[in-house]
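Data first, discussion second: the structure below is written as structure tokens.
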Ligand code: NAD
């Protein structure tokens, strides 16, 4: 029996991944291991509660005993989504990033090794490669050159995974993906932040000149990529995933404003993020050729569906945009 421990399964990508896996593979059991930080939300998997092949454990990946107990209870594979994931928060305080993203990964790797898991997947990011000039794209050979405390902590984790493969023969793969969008994304990230602000006619904060370029991929395309890397990826290998959809933040902002039928006067330029990477672009040829992975969701369709999802889930949004969220928002951008 295949039992996958999915860490961080109550977050944005992890919850989409669990839903996808349970629906697409009747032979797989999923254990969701998540400590429910501000970004973890049981409501993201409300439709999965009670599923016969799904179990939730409230646990912290930096808690060695809890991790050993979870993996030791029959887990065959580990897919690590759990992380502190927001660059701006890592600039305010890098401590939780180093703790969760590096120490947590080490503890997971130790337990995966002890209980001889079949496959370990580290879900990483294109941000480990740093920033690009106006041309070119990151390949799996691009040197690691992270710019933010977030990406530095993810790089540290990637290096540990590589070292565990090299030293102990750990059957591990690393996936590195570009910016995700889709349903259930915490509204601190650009697309859900702007959509949920615009829905209430609240101005949207655009960093600097807004000409930072990001490559957008729908979360379900990322999920099928992680699944393909888990099922077919060769141990010790890295696989890049991206949307081949580069857009300057300002162009995306205009698009969101237009799709929501709001005026461009809602744009507020704010001081740029310190050390802000200028451009990301991903070459995902290796994943396409070796894993047979392809993107299915076009940006136009995916973005429209995402906006519709946030409109249809006003209660989910309201439950997040509460006191704690507003405190963070004011610290970051000033009063709403
Ligand atoms: P998220 O912030 O929405 O979710 C993170 C989840 O991890 C939350 O449920 C949280 O409760 C859980 N978590 C945090 N610390 C934990 C700990 N110590 N123990 C157990 N659970 C813990 O993040 P996301 O956007 O879903 O990203 C998931 C993964 O994908 C991360 O590793 C991130 O680096 C990576 N990634 C994200 C993107 C993106 O665009 N969002 C792109 C590439 C890679």
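Cα-based values for the chain, radius of gyration first and Dmax second, are 19.0, 57 Å.
Expressed in nm², what is the orientationally averaged projection area of the convex hull enclosing the Cα positions of the stretch 36-181?
The directionally averaged projection comes out at 10.0 nm².
Annotation for the stretch 181-231 versus the stretch 73-148: alpha-carbon center distance of 19 Å.
Our compactness index for the stretch 233-308, the C-alpha radius of gyration over the empirical 2.2 N^0.38 Å, is 1.47. Using a Gaussian network model of the chain in which every pair of alpha carbons under 10 angstrom is joined by a spring, one finds that among 91, 217, 18 the greatest mean-square fluctuation is at 91. Give the calculated FRET efficiency between residue 251 and residue 63 to the nearest 0.05, with a Förster radius of 41 Å applied to their Cβ-Cβ distance. That gives a FRET efficiency of 0.40. When you count the other C-beta atoms within 10 angstrom of each residue and take the mean per peptide, 263-269, 147-153 line up highest first as 147-153, 263-269. When the Gaussian network model of the chain links Cα atoms closer than 10 Å, the mean-square fluctuations of 107, 79, 174 top out at 107. If one puts a single equal scatterer on every Cα of the stretch 203-336 and applies the Debye formula without solvent, what log₁₀ I(q)/I(0) results at q = 0.13, 0.20, 0.21, 0.22 Å⁻¹? Debye output, listed in q order: -0.75, -1.27, -1.29, -1.32.
Modelled this way, with points 7 Å down the Cα-to-C-beta line, the labels at residue 312 and residue 201 are 2.6 nm from one another.
Every read-out reported here was derived from the displayed coordinates using simple, explicitly stated rules and does not represent laboratory data. Computed from a predicted model, the values in this text were never measured in an experiment. Positions of Cβ are generated from backbone atoms using ideal geometry, with glycine treated the same way; all protein chains shown enter the neighbour counts.
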